Amino acid sequence: MNSNSTEILKRLKKHYPEAKIALNYSSPIEILVATILSAQCTDKQVNKVTEAIFKKYKSAKDYASADIKEFEQEIKSTGFYHNKAKNIVESAKIIVTKHGRKVPDTMNNLLTLPGVARKTANIVLGNAYNIVEGIPVDTHVKRLSQRLGLSNESNPEKIEQDLMHLFKKKQWYKLSYLLIEHGRNTCNAKKPLCDKCFLKDICPKKDYK
């Protein structure tokens, strides 16, 4: 794996000092819902949808009692809306009945919720509770980790483990959003701007085609 991980992080922090989550939210239940909706959907589109639904659904109890067909239509533009609606409503029911209407603040409890894997759990913990137990690995983080030589794995959880070994725990929360910013701005999926990349001298895939 790339021995320049410290330098990579240093440069990313310099170029993206304001890197943070792009999803809009104001409570633990909102970041949970937004993150579930963000699967296979842009954050921009999710924010358009949540602008409306967050006015209607204020609590886990509201989502738990939502009319599933109506809710599906409200989130339809995020894609995979049948599964997303079911997961959100079922998760809300569990939060209401088993967690005193409070979104869980532990990895183990979050992972019991339908539609919640480590990526979503890490995002909720880090943003809602300032608890860092791992690194959210989305498509950008996966792609950049592989191209930059930070991981040779393809499984998100194995990539997460590689990143956790390479970087100090205090860097985990920021790392994901730094990689996402670079993925959106320079290291695109299909046409990465390698010639303009500030990491090209230490990137093993600098001539990526």
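The values are calculated or read from the model by the stated rules, or taken from the named source; none is laboratory data. The structure displayed is predicted, hence computed values, not measured ones. Note that we place each Cβ from the backbone using ideal geometry, even for glycine, and neighbour counts take in every protein chain shown.
Is it the case, given these coordinates, that I53 is under 27 Å from Q161 (Cα atoms), buried (at least 17 other Cβ atoms within 10 Å of the Cβ) and not assigned by the TED database to the domain that holds H140?
Considered against the rule, which asks whether it is under 27 Å from Q161 (Cα atoms), buried (at least 17 other Cβ atoms within 10 Å of the Cβ) and not assigned by the TED database to the domain that holds H140, I53 comes out as no.
Does V124 satisfy the condition of being part of a helix (DSSP H, G or I), over 30 Å from P204 (Cβ atoms) and either touching a residue at least 60 places away in the same chain (Cβ under 8 Å) or among the hydrophobic types (A, V, I, L, M, F, W, C) (or both)?
It is true that V124 is part of a helix (DSSP H, G or I), over 30 Å from P204 (Cβ atoms) and either touching a residue at least 60 places away in the same chain (Cβ under 8 Å) or among the hydrophobic types (A, V, I, L, M, F, W, C) (or both).
Does N130 fit the bill of being over 14 Å from the mean Cα position of the chain (by Cα), exposed (fewer than 15 other Cβ atoms within 10 Å of the Cβ) and modelled with pLDDT of 95 or more?
So N130 passes the test.
Within the stretch 154-199, restricting attention to residues that are of a type in the set (D, E, K, R), closer than 18 Å to N4 by Cα and surrounded by 15 or more Cβ atoms within 10 Å (Cβ to Cβ), which residue is farthest from the chain's Cα centre (by Cα)?
Residue satisfying both the conditions and the ranking: D162.
Tell me whether the stretch 129-147 contains one or more residues that are in a helix (DSSP H, G or I) and farther than 19 Å from L178 by Cβ.
Scanning the stretch 129-147 turns up no residue that is in a helix (DSSP H, G or I) and farther than 19 Å from L178 by Cβ.
Which of the helices (runs of 4 or more DSSP H) found entirely inside the stretch 1-115 contain at least 2 residues meeting this: closer than 20 Å to G126 by Cα?
5-15, 28-37, 43-56, 81-98, 107-110
Working carefully through the options S27, S38, find the one that is small (G, A, S) and over 27 Å from Q146 (Cα atoms).
None of the others qualify; the one that does is S27.
Output yes when any residue across the stretch 77-84 is modelled with pLDDT of 95 or more, among the polar types (S, T, N, Q) and surrounded by fewer than 18 Cβ atoms within 10 Å (Cβ to Cβ), and no when none is.
Yes, because at least one residue in the stretch 77-84 is modelled with pLDDT of 95 or more, among the polar types (S, T, N, Q) and surrounded by fewer than 18 Cβ atoms within 10 Å (Cβ to Cβ).
Has the stretch 177-196 got at least one residue that is of a type in the set (S, T, N, Q) and touching a helix residue (DSSP H, G or I) at 6+ places or on another chain (Cβ under 6 Å)?
Here is the first cut: in the stretch 177-196, the ones of a type in the set (S, T, N, Q) are 185-186, 188.
Adding the requirement that they be touching a helix residue (DSSP H, G or I) at 6+ places or on another chain (Cβ under 6 Å) leaves none.
So far as the stretch 177-196 goes, no, none of its residues is of a type in the set (S, T, N, Q) and touching a helix residue (DSSP H, G or I) at 6+ places or on another chain (Cβ under 6 Å).
Residue by residue, here is whether (1) outside the structural domain of K10 (by the TED database); (2) touching a Lys or Arg at 6+ places or on another chain (Cβ under 8 Å) holds:
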| site | (1), (2) |
| --- | --- |
| V116 | yes, no |
| L125 | yes, no |
| H140 | no, yes |
| L150 | no, no |
| E160 | no, yes |
| K169 | no, no |
| Y173 | no, no |
| I180 | no, no |
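Residue by residue through the stretch 56-78, note down the ones that are hydroxyl-bearing (S, T, Y) and either in contact with a Phe, Trp or Tyr (Cβ under 8 Å, 6 or more places away or on another chain) or at positive phi (or both).
Y57, Y63, listed by residue number.
Looking only at residues in the stretch 29-73 that are more than 16 Å from the chain's Cα centre (by Cα) and in contact (Cβ under 8 Å) with a residue 40 or more places away in the chain, which one is farthest from H140 (Cα to Cα)?
K61
Listed residues A117, A92, A39; which is closer than 27 Å to L163 by Cβ and surrounded by 16 or more Cβ atoms within 10 Å (Cβ to Cβ)?
Only one candidate passes the filter, namely A39.
Of all the residues that make up the stretch 155-209, how many are assigned to a helix (DSSP H, G or I), without any contact (Cβ under 8 Å) to a residue 12 or more places away in the chain and more than 26 Å from L23 (Cβ to Cβ)?
Selection size over the stretch 155-209: 5.
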